[in-house]
Amino acid sequence: MPLKVIILPISLSSLGGPIKIRDVKPRMKGLTVKGTITQKGSLDGRSSTNAHALATIADETGEILLNLWRDQTEQVEIGDHVILKDAFSRKYNGKIELSLWGPIEKAHRSAKKALK
């Protein structure tokens with residue numbers, strides 16, 4: 001009987017530590033991502049019920065879009081070093097985006113050096 005192989009999208013960060021942005025693929029969840037906010041847009045109309053803005057987060061391997069929802073839109077500014085915990089990814093309008101429902105953690109001074 002032939003063996004069936006099923007490939008599921010998983011979080012590499014669940015296997016131990018943060019994931020690099022270049023390794024983020026659509027439909028991953030439980031991600032921990034460290035990076036720097038390099039761009040932040042103004043509030044847009046993506047949702048009629050919740051505040052939303054797009055930002056870009058980057059590490060040494062690349063950059064990716066980050067959805068900011070509700071209070072998150074006020075939590076970060078360009079240049080902030082952040083840690084996203086329990087984030088998930090999806091493809092929207094042809095681009096991979098990260099989102100998370102909890103607060104965005106700012107990296108402490110010692111962690112900022114490790115981000116470089």
Relative packing of 33-42, 85-94, which averages over residues the other C-beta atoms within 10 Å, highest first: 33-42, 85-94
7 Å from Cα along Cα→Cβ at both residue 46 and residue 69: what's the point-to-point distance in nm? 1.0 nm
Whole-number Å³ per residue for the convex hull built on Cα positions in segment 26-94: 99 Å³
Kirkwood hydrodynamic radius over Cα pairs of segment 64-104, then Stokes diffusion coefficient at 20 °C and 1.002 mPa s, in µm²/s: 197 µm²/s
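Read the figures in this text as sums done on the coordinates, not as results from a lab. Note that the structure is predicted; figures quoted are calculated from it, not measured. As a convention, Cβ positions derive from the backbone with ideal geometry for all residues, glycine included, and neighbour counts pool all protein chains shown.
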